[in-house]
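Colleague: Before we start, here is the structure in question, set down as C-alpha coordinates.
The values are calculated or read from the model by the stated rules, or taken from the named source; none is laboratory data. This is a predicted model, so every value here is computed, not measured. Please note: Cβ atoms are built from the backbone with ideal geometry, for glycine as well, and neighbour counts cover all protein chains shown. Please note that ligands, DNA and RNA were not included when accessible areas were found on the heavy atoms of the full protein model with its side chains. Shrake-Rupley method; radii C 1.70, N 1.55, O 1.52, S 1.80 Å.
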Amino acid sequence: MNCDLKKICKDIRCDILRCIGHLGVGHIGGCLSVAELLAVLYFEEMNIDPADPKKAGRDRFVCSKGHAGPAVYAALANRGYFDRRELLTLNQGGTNLPSHCDMNRTVGVDMTTGSLGQGFSCAVGVALGSKLEGDGAVIYALVGDGESQEGQIWEAAMFAAAKKLDNLIAFTDYNKLQIDDTVAKVNDIAPLGDKWAAFGWNVIEVEDGNDVEQVSAAVKHARLGVGSGKPTMVILNTLKGCGVQWIVDLGPGNHNCPVSEEQAEAAIREIRGEE
(Lines give C-alpha, C1' and ligand atoms only; values in the text may rest on other atoms or scores of the structure.)
Protein backbone atom coordinates (compact mmCIF):
# COMPACT_ATOMS: atom_id res chain seq x y z
CA MET A 1 0.00 0.00 0.00
CA ASN A 2 1.60 3.26 -1.13
CA CYS A 3 1.05 5.98 1.46
CA ASP A 4 2.68 8.86 3.30
CA LEU A 5 3.33 7.30 6.70
CA LYS A 6 4.43 10.57 8.29
CA LYS A 7 1.14 12.19 7.30
CA ILE A 8 -0.78 9.17 8.61
CA CYS A 9 1.00 9.47 11.97
CA LYS A 10 -0.18 13.08 12.18
CA ASP A 11 -3.71 12.07 11.19
CA ILE A 12 -3.79 9.38 13.88
CA ARG A 13 -2.50 11.77 16.54
CA CYS A 14 -5.00 14.45 15.55
CA ASP A 15 -7.90 12.01 15.73
CA ILE A 16 -6.72 10.77 19.15
CA LEU A 17 -6.81 14.37 20.35
CA ARG A 18 -10.21 15.05 18.79
CA CYS A 19 -11.94 12.08 20.40
CA ILE A 20 -10.32 12.49 23.83
CA GLY A 21 -10.81 16.27 23.73
CA HIS A 22 -14.47 15.79 22.86
CA LEU A 23 -14.88 13.40 25.78
CA GLY A 24 -12.82 15.67 28.05
CA VAL A 25 -10.49 13.09 29.58
CA GLY A 26 -8.52 10.05 28.52
CA HIS A 27 -5.30 8.04 28.31
CA ILE A 28 -3.65 10.59 26.08
CA GLY A 29 0.07 10.00 26.77
CA GLY A 30 0.25 6.31 25.91
CA CYS A 31 -1.98 6.79 22.88
CA LEU A 32 0.22 9.45 21.33
CA SER A 33 3.37 7.36 21.86
CA VAL A 34 2.25 4.52 19.57
CA ALA A 35 1.08 6.41 16.46
CA GLU A 36 4.10 5.38 14.39
CA LEU A 37 3.67 1.69 15.15
CA LEU A 38 -0.03 1.75 14.27
CA ALA A 39 0.64 3.64 11.03
CA VAL A 40 3.23 1.09 9.95
CA LEU A 41 1.14 -1.94 10.86
CA TYR A 42 -2.23 -0.84 9.50
CA PHE A 43 -1.05 1.03 6.41
CA GLU A 44 2.09 -0.83 5.35
CA GLU A 45 2.55 -4.28 6.81
CA MET A 46 -0.59 -6.08 7.92
CA ASN A 47 -2.51 -8.38 5.59
CA ILE A 48 -5.97 -6.94 6.29
CA ASP A 49 -9.03 -5.76 4.38
CA PRO A 50 -11.41 -3.17 5.89
CA ALA A 51 -14.10 -4.40 3.48
CA ASP A 52 -13.74 -7.92 4.91
CA PRO A 53 -12.62 -7.45 8.54
CA LYS A 54 -13.11 -11.12 9.47
CA LYS A 55 -11.43 -12.67 6.43
CA ALA A 56 -9.68 -15.96 7.04
CA GLY A 57 -5.92 -15.85 7.30
CA ARG A 58 -5.74 -12.13 8.00
CA ASP A 59 -3.00 -10.76 10.22
CA ARG A 60 -4.25 -9.76 13.67
CA PHE A 61 -3.32 -7.02 16.12
CA VAL A 62 -3.84 -7.28 19.87
CA CYS A 63 -3.47 -4.11 21.94
CA SER A 64 -2.63 -5.63 25.31
CA LYS A 65 -2.07 -2.15 26.79
CA GLY A 66 -5.79 -1.70 26.39
CA HIS A 67 -5.85 1.93 27.50
CA ALA A 68 -4.38 2.78 24.08
CA GLY A 69 -7.77 1.89 22.60
CA PRO A 70 -8.37 5.43 21.26
CA ALA A 71 -5.14 5.18 19.25
CA VAL A 72 -6.29 1.88 17.75
CA TYR A 73 -9.68 3.41 16.91
CA ALA A 74 -7.99 6.35 15.20
CA ALA A 75 -5.91 3.97 13.10
CA LEU A 76 -8.93 1.83 12.21
CA ALA A 77 -11.02 4.85 11.22
CA ASN A 78 -8.25 6.26 9.05
CA ARG A 79 -7.82 2.83 7.43
CA GLY A 80 -11.52 2.79 6.54
CA TYR A 81 -13.04 0.33 9.01
CA PHE A 82 -15.67 2.87 10.11
CA ASP A 83 -16.55 6.54 9.66
CA ARG A 84 -14.12 8.90 11.39
CA ARG A 85 -17.07 10.83 12.82
CA GLU A 86 -17.75 7.83 15.05
CA LEU A 87 -14.54 8.64 16.95
CA LEU A 88 -16.44 11.43 18.73
CA THR A 89 -18.58 8.79 20.49
CA LEU A 90 -15.55 7.48 22.42
CA ASN A 91 -16.55 6.00 25.80
CA GLN A 92 -20.06 7.43 25.71
CA GLY A 93 -23.33 5.62 26.28
CA GLY A 94 -24.16 3.19 23.48
CA THR A 95 -20.82 3.68 21.76
CA ASN A 96 -19.04 1.05 19.72
CA LEU A 97 -15.77 2.58 20.93
CA PRO A 98 -15.37 1.89 24.65
CA SER A 99 -12.32 3.21 26.50
CA HIS A 100 -10.57 -0.18 26.19
CA CYS A 101 -10.72 -2.37 23.09
CA ASP A 102 -13.71 -4.72 22.78
CA MET A 103 -13.84 -7.21 19.89
CA ASN A 104 -17.61 -7.55 20.31
CA ARG A 105 -18.19 -3.82 19.86
CA THR A 106 -15.68 -2.47 17.39
CA VAL A 107 -15.21 -3.49 13.76
CA GLY A 108 -11.54 -4.34 13.16
CA VAL A 109 -10.65 -5.09 16.79
CA ASP A 110 -9.37 -8.67 17.03
CA MET A 111 -9.21 -9.13 20.81
CA THR A 112 -10.83 -7.59 23.88
CA THR A 113 -8.23 -6.15 26.27
CA GLY A 114 -8.04 -4.05 29.39
CA SER A 115 -6.79 -6.02 32.39
CA LEU A 116 -3.07 -5.51 31.93
CA GLY A 117 -1.17 -8.66 31.00
CA GLN A 118 -4.18 -10.64 29.85
CA GLY A 119 -4.21 -9.30 26.31
CA PHE A 120 -0.71 -10.59 25.71
CA SER A 121 -1.73 -14.09 26.81
CA CYS A 122 -4.62 -13.85 24.36
CA ALA A 123 -2.24 -12.83 21.59
CA VAL A 124 -0.10 -15.88 22.33
CA GLY A 125 -3.23 -18.02 22.16
CA VAL A 126 -4.22 -16.47 18.83
CA ALA A 127 -0.74 -17.17 17.48
CA LEU A 128 -0.94 -20.79 18.62
CA GLY A 129 -4.38 -21.16 17.04
CA SER A 130 -3.10 -19.69 13.79
CA LYS A 131 -0.20 -22.14 13.80
CA LEU A 132 -2.54 -25.08 14.35
CA GLU A 133 -4.88 -23.80 11.65
CA GLY A 134 -1.99 -23.19 9.26
CA ASP A 135 -3.61 -20.00 7.98
CA GLY A 136 -0.32 -18.15 7.44
CA ALA A 137 -1.27 -15.17 9.59
CA VAL A 138 1.18 -13.03 11.53
CA ILE A 139 -0.04 -11.99 14.97
CA TYR A 140 1.08 -8.62 16.31
CA ALA A 141 0.79 -7.58 19.96
CA LEU A 142 1.50 -4.35 21.82
CA VAL A 143 2.42 -4.30 25.51
CA GLY A 144 3.24 -1.40 27.79
CA ASP A 145 6.39 -1.05 29.83
CA GLY A 146 4.43 -0.68 33.08
CA GLU A 147 2.34 -3.65 31.98
CA SER A 148 5.58 -5.60 31.63
CA GLN A 149 5.80 -5.67 35.43
CA GLU A 150 2.91 -8.19 35.35
CA GLY A 151 3.93 -11.80 35.90
CA GLN A 152 1.38 -12.90 33.32
CA ILE A 153 3.46 -11.24 30.59
CA TRP A 154 6.40 -13.48 31.40
CA GLU A 155 4.34 -16.66 31.70
CA ALA A 156 2.99 -15.97 28.21
CA ALA A 157 6.50 -15.16 26.96
CA MET A 158 7.82 -18.48 28.22
CA PHE A 159 4.92 -20.39 26.65
CA ALA A 160 5.30 -18.63 23.26
CA ALA A 161 8.97 -19.55 23.10
CA ALA A 162 8.32 -23.13 24.20
CA LYS A 163 5.74 -23.54 21.42
CA LYS A 164 8.04 -21.89 18.85
CA LEU A 165 5.45 -19.29 17.90
CA ASP A 166 7.53 -17.55 15.26
CA ASN A 167 4.32 -16.08 13.79
CA LEU A 168 4.09 -13.77 16.82
CA ILE A 169 5.67 -10.31 16.71
CA ALA A 170 5.27 -8.24 19.86
CA PHE A 171 6.16 -4.64 20.64
CA THR A 172 6.92 -2.90 23.91
CA ASP A 173 5.95 0.77 24.12
CA TYR A 174 9.01 1.63 26.21
CA ASN A 175 8.14 5.22 27.10
CA LYS A 176 9.58 4.80 30.64
CA LEU A 177 6.48 6.18 32.42
CA GLN A 178 3.44 4.64 34.09
CA ILE A 179 0.51 5.98 36.07
CA ASP A 180 2.34 6.54 39.38
CA ASP A 181 5.90 7.48 38.37
CA THR A 182 8.72 6.39 36.11
CA VAL A 183 8.86 2.68 35.37
CA ALA A 184 12.37 2.56 36.87
CA LYS A 185 11.17 3.93 40.20
CA VAL A 186 8.03 1.80 40.47
CA ASN A 187 9.56 -1.56 39.46
CA ASP A 188 12.42 -1.39 37.00
CA ILE A 189 12.23 -3.75 34.02
CA ALA A 190 15.70 -3.00 32.64
CA PRO A 191 17.61 -4.55 30.97
CA LEU A 192 14.49 -5.30 28.97
CA GLY A 193 16.09 -6.71 25.83
CA ASP A 194 18.21 -9.14 27.83
CA LYS A 195 15.11 -10.40 29.63
CA TRP A 196 13.25 -11.17 26.41
CA ALA A 197 16.32 -12.84 24.92
CA ALA A 198 16.64 -14.98 28.07
CA PHE A 199 13.05 -16.10 27.55
CA GLY A 200 13.96 -17.40 24.10
CA TRP A 201 12.76 -14.52 21.91
CA ASN A 202 14.40 -12.73 19.02
CA VAL A 203 14.91 -9.14 20.17
CA ILE A 204 15.05 -5.95 18.09
CA GLU A 205 15.60 -2.58 19.76
CA VAL A 206 14.51 0.64 18.06
CA GLU A 207 16.40 3.73 19.21
CA ASP A 208 13.54 6.08 18.35
CA GLY A 209 10.16 4.39 18.33
CA ASN A 210 8.56 7.66 17.22
CA ASP A 211 10.58 7.73 13.99
CA VAL A 212 8.29 6.06 11.50
CA GLU A 213 11.16 5.04 9.20
CA GLN A 214 12.97 3.28 12.06
CA VAL A 215 9.74 1.54 13.07
CA SER A 216 9.04 0.45 9.50
CA ALA A 217 12.54 -1.01 9.14
CA ALA A 218 12.19 -2.83 12.47
CA VAL A 219 8.87 -4.42 11.51
CA LYS A 220 10.33 -5.61 8.20
CA HIS A 221 13.28 -7.05 10.12
CA ALA A 222 10.92 -8.72 12.57
CA ARG A 223 8.98 -10.37 9.76
CA LEU A 224 12.19 -12.12 8.72
CA GLY A 225 11.90 -14.02 12.00
CA VAL A 226 8.73 -15.76 10.84
CA GLY A 227 9.93 -19.33 10.31
CA SER A 228 12.90 -18.96 12.66
CA GLY A 229 11.31 -21.01 15.43
CA LYS A 230 11.26 -18.01 17.79
CA PRO A 231 8.76 -15.23 18.50
CA THR A 232 10.10 -11.70 18.18
CA MET A 233 9.97 -8.74 20.57
CA VAL A 234 10.53 -5.24 19.17
CA ILE A 235 11.39 -2.72 21.89
CA LEU A 236 10.30 0.77 20.87
CA ASN A 237 11.96 3.57 22.83
CA THR A 238 9.18 6.15 22.69
CA LEU A 239 8.14 9.45 24.25
CA LYS A 240 4.88 9.41 26.19
CA GLY A 241 2.72 12.18 24.78
CA CYS A 242 4.87 12.47 21.65
CA GLY A 243 3.79 15.27 19.33
CA VAL A 244 2.35 17.67 21.91
CA GLN A 245 4.82 19.42 24.20
CA TRP A 246 2.47 20.34 27.06
CA ILE A 247 1.35 16.72 27.30
CA VAL A 248 4.96 15.51 27.31
CA ASP A 249 5.73 18.02 30.06
CA LEU A 250 3.08 16.47 32.34
CA GLY A 251 5.33 13.42 32.78
CA PRO A 252 3.51 10.60 34.60
CA GLY A 253 0.49 12.92 34.84
CA ASN A 254 -0.24 12.40 31.14
CA HIS A 255 -1.20 8.76 31.67
CA ASN A 256 -4.87 9.73 32.05
CA CYS A 257 -5.70 13.41 32.22
CA PRO A 258 -8.27 16.07 31.30
CA VAL A 259 -8.05 17.44 27.76
CA SER A 260 -10.46 20.20 26.73
CA GLU A 261 -11.62 20.69 23.16
CA GLU A 262 -9.68 23.98 23.10
CA GLN A 263 -6.51 22.23 24.25
CA ALA A 264 -7.07 19.49 21.68
CA GLU A 265 -7.48 21.99 18.85
CA ALA A 266 -4.30 23.84 19.90
CA ALA A 267 -2.45 20.51 20.05
CA ILE A 268 -3.70 19.59 16.59
CA ARG A 269 -2.33 22.88 15.24
CA GLU A 270 1.01 22.03 16.89
CA ILE A 271 1.07 18.60 15.24
CA ARG A 272 0.15 20.10 11.88
CA GLY A 273 2.95 22.66 12.23
CA GLU A 274 0.53 25.57 12.26
CA GLU A 275 2.01 27.14 15.41
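Colleague: Looking only at segment 128-181, count every residue that is under 22 Å from residue 223 (Cβ atoms), out of contact with any Lys or Arg (no Cβ under 7 Å at 6 or more places or on another chain) and acidic (Asp, Glu) and tell me the total.
Modeller: Of the residues in that region, 2 qualify.
Colleague: Taking the options 57, 80, 26, 21, name whichever one is more than 14 Å from the chain's Cα centre (by Cα), modelled with pLDDT of 95 or more, open to solvent by 30 Å² or more (accessible area, probe 1.4 Å) and not aromatic (Phe, Trp, Tyr). Can you show your working first?
Modeller: Numbers: 57 fails: open to solvent by 30 Å² or more (accessible area, probe 1.4 Å); 26 fails: open to solvent by 30 Å² or more (accessible area, probe 1.4 Å); 21 fails: open to solvent by 30 Å² or more (accessible area, probe 1.4 Å).
Of the residues listed, the single one that is more than 14 Å from the chain's Cα centre (by Cα), modelled with pLDDT of 95 or more, open to solvent by 30 Å² or more (accessible area, probe 1.4 Å) and not aromatic (Phe, Trp, Tyr) is 80.
Colleague: State which residue is farthest from the chain's Cα centre (by Cα) when the search covers only segment 128-159 and only residues that are aliphatic (A, V, I, L, M) and assigned to a loop (DSSP other than H, G, I, E, B).
Modeller: Our first condition is that a residue be aliphatic (A, V, I, L, M); within segment 128-159, this holds for 128, 132, 137-139, 141-143, 153, 156-158.
From what's left, assigned to a loop (DSSP other than H, G, I, E, B): 137-138.
Values: 137: 18, 138: 15 Å.
The extreme case among them is 137.
Colleague: Another question, if that's okay. Restricting attention to segment 99-134, which residues are buried (at least 17 other Cβ atoms within 10 Å of the Cβ) and farther than 20 Å from residue 54 by Cβ? Don't jump to the end; show me each part of the working.
Modeller: Within segment 99-134, the subset buried (at least 17 other Cβ atoms within 10 Å of the Cβ) is 99-102, 106, 108-114, 116-128, 130-131.
Within segment 99-134, 99, 100, 114, 116, 117, 118, 120, 121, 124 meet the criteria.
Colleague: Also, quick follow-up: Could you tell me whether residue 234 is in contact (Cβ under 8 Å) with a residue 60 or more places away in the chain and in contact with a Phe, Trp or Tyr (Cβ under 6 Å, 6 or more places away or on another chain)?
Modeller: Details: in contact (Cβ under 8 Å) with a residue 60 or more places away in the chain: yes; in contact with a Phe, Trp or Tyr (Cβ under 6 Å, 6 or more places away or on another chain): yes.
In short, yes.
Colleague: Given the conditions (1) assigned to a loop (DSSP other than H, G, I, E, B); (2) surrounded by 23 or more Cβ atoms within 10 Å (Cβ to Cβ); (3) among the hydroxyl-bearing types (Ser, Thr, Tyr), which single one is not true for residue 73?
Modeller: Every listed condition holds for residue 73 apart from (1).
Colleague: Determine whether residue 180 is more than 17 Å from the chain's Cα centre (by Cα), of a type in the set (Asp, Glu) and within 19 Å of residue 141 (Cβ to Cβ).
Modeller: On the way: more than 17 Å from the chain's Cα centre (by Cα): yes; of a type in the set (Asp, Glu): yes; within 19 Å of residue 141 (Cβ to Cβ): no.
No.
Colleague: Of the residues 143, 138, 183, which is within 22 Å of residue 56 (Cβ to Cβ) and either touching an Asp or Glu at 6+ places or on another chain (Cβ under 8 Å) or at pLDDT below 95 (or both)?
Modeller: Sole residue among the options that is within 22 Å of residue 56 (Cβ to Cβ) and either touching an Asp or Glu at 6+ places or on another chain (Cβ under 8 Å) or at pLDDT below 95 (or both): 138.
Colleague: Of the numbered conditions (1) at pLDDT 95 or above; (2) outside any helix (DSSP H, G or I), residue 115 fails exactly one; give the number of that condition.
Modeller: With (1) at pLDDT 95 or above; (2) outside any helix (DSSP H, G or I) applied to residue 115, the lone miss is (1).
Colleague: Among the residues of segment 124-131, is there at least one that is on the phi > 0 side of the Ramachandran plot, in contact (Cβ under 8 Å) with a residue 12 or more places away in the chain and in contact with a Leu (Cβ under 8 Å, 6 or more places away or on another chain)? Break it down stepwise before answering.
Modeller: Just the residues of segment 124-131 that are on the phi > 0 side of the Ramachandran plot, to begin with: none.
Scanning segment 124-131, I find no residue that is on the phi > 0 side of the Ramachandran plot, in contact (Cβ under 8 Å) with a residue 12 or more places away in the chain and in contact with a Leu (Cβ under 8 Å, 6 or more places away or on another chain), so the answer is no.
Colleague: Is it true that residue 39 is touching a helix residue (DSSP H, G or I) at 6+ places or on another chain (Cβ under 8 Å), touching a residue at least 40 places away in the same chain (Cβ under 8 Å) and of a type in the set (Gly, Ala, Ser)?
Modeller: Details: touching a helix residue (DSSP H, G or I) at 6+ places or on another chain (Cβ under 8 Å): yes; touching a residue at least 40 places away in the same chain (Cβ under 8 Å): yes; of a type in the set (Gly, Ala, Ser): yes.
Yes.
Colleague: Something else now. Please verify whether residue 249 is acidic (Asp, Glu), under 28 Å from residue 88 (Cα atoms) and without any contact (Cβ under 8 Å) to a residue 12 or more places away in the chain, treating the condition exactly as stated. Walk me through it before giving the result.
Modeller: Details: acidic (Asp, Glu): yes; under 28 Å from residue 88 (Cα atoms): yes; without any contact (Cβ under 8 Å) to a residue 12 or more places away in the chain: yes.
Yes.
Colleague: Can you pull out the helices (runs of 4 or more DSSP H) entirely within segment 160-275 that have at least 3 residues that are open to solvent by less than 30 Å² (accessible area, probe 1.4 Å) and among the β-branched types (Val, Ile, Thr)? Can you show your working first?
Modeller: Details: elements: 183-187, 192-198, 212-223, 245-249, 261-271.
So the answer is 212-223.
Colleague: Please work out which one of (1) open to solvent by 50 Å² or more (accessible area, probe 1.4 Å); (2) not in a helix (DSSP H, G or I) is the condition residue 85 fails and give its number.
Modeller: (2)
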